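Accompanying notes for the structure given below.
The values are calculated or read from the model by the stated rules, or taken from the named source; none is laboratory data. These numbers were taken from a predicted model, which means no experiment stands behind them. No Cβ is skipped: glycine too gets one built from the backbone with ideal geometry, and neighbour counts run over all protein chains shown.
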Amino acid sequence: MKIVIEAASLEELKSLLEQLTDKVPSARNSPMNCRIEALPLNTRTRNCLLAEGIETLEHLALMSENELRMVPNLGMKARADIRGVLQLIHRCNEGMKGA
């Protein structure tokens, strides 16, 4: 399964990132402190990450593809979903820097 989030504008992407980070007060200062629970991932993927102690976006973003492959029960589709979410957040952050 692949998660696709469409946005009509950069402002809509910014709003999504704000919604994700507003769920955790400490994340307001840095989107990288956003907790895994706030990301648009399916429950199975989220639970696999949490079971391995991966609790923040920063921790997830620093993991290599090989490290993700080592996470038990995290399959190819789940890794693709994670890459999609990370790319979306990266694009949104890049857009915010230019604004």
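Search the stretch 86-99 for residues being surrounded by 13 or more Cβ atoms within 10 Å (Cβ to Cβ) and more than 15 Å from the chain's Cα centre (by Cα), and hand back the single one that is modelled with the lowest pLDDT. Among those that are surrounded by 13 or more Cβ atoms within 10 Å (Cβ to Cβ) and more than 15 Å from the chain's Cα centre (by Cα), it is Met96. If you go through the stretch 43-99 and keep only what is over 21 Å from Leu10 (Cβ atoms) and in contact (Cβ under 8 Å) with a residue 40 or more places away in the chain, you end up with Lys77, Ala80, Asp81, Ile82. Look through the stretch 6-23, keep the residues that are of a type outside the set (Lys, Arg) and in contact with a helix residue (DSSP H, G or I) (Cβ under 6 Å, 6 or more places away or on another chain), and return whichever of them is modelled with the lowest pLDDT. Filtering first and then ranking leaves Thr21.
Counting only residues that are over 17 Å from Asn33 (Cα atoms) and of a type in the set (A, V, I, L, M), the stretch 61-95 holds 7 of them.
When the residues of the stretch 63-85 are filtered to those that are among the acidic types (Asp, Glu) and either farther than 16 Å from Asn42 by Cα or not in a helix (DSSP H, G or I) (or both), the one that is modelled with the lowest pLDDT is Glu65.
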